[in-house]
């Protein structure tokens, strides 16, 4: 019998032939190009959504800025404030500071919720203390 073994009427494939069948077809340049615009469009859409979100956030931070707070900052914080101004994200250091404070408060809502609950308790205890002192003074 020859080196090839016949199985159910078909010749067995050599290892080279088997390897050739399992090789995936190469991605054509046209396929790559057709995927790139989709990826670029998705990336552009994401970037635009972030810019729009930043714009809304900035507008919210800039609303009703009637309160003045004097604050001293370190060199790194000042560089970050200036970076926002240089990038035309904000118009001034004051706007940069307001924006960052607003973002910090929003990012820490859980913490401020806890602080608020505790300060409410403290205020209630102070009121009770004042009430008890007033009652003792009147007697």
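Just one of the listed residues (95, 76) is at pLDDT 90 or above, assigned by TED's automatic domain parsing to the domain that holds residue 51 and exposed (fewer than 10 other Cβ atoms within 10 Å of the Cβ), and it is 76. The set of residues from region 65-108 being within 20 Å of residue 51 (Cβ to Cβ), part of a loop (DSSP other than H, G, I, E, B) and within 21 Å of the chain's Cα centre (by Cα) comprises 87, 88, 89, 90.
The values are calculated or read from the model by the stated rules, or taken from the named source; none is laboratory data. Bear in mind that the values here come from a model prediction, so they are computed numbers and not experimental data. As a convention, Cβ positions derive from the backbone with ideal geometry for all residues, glycine included, and neighbour counts pool all protein chains shown.
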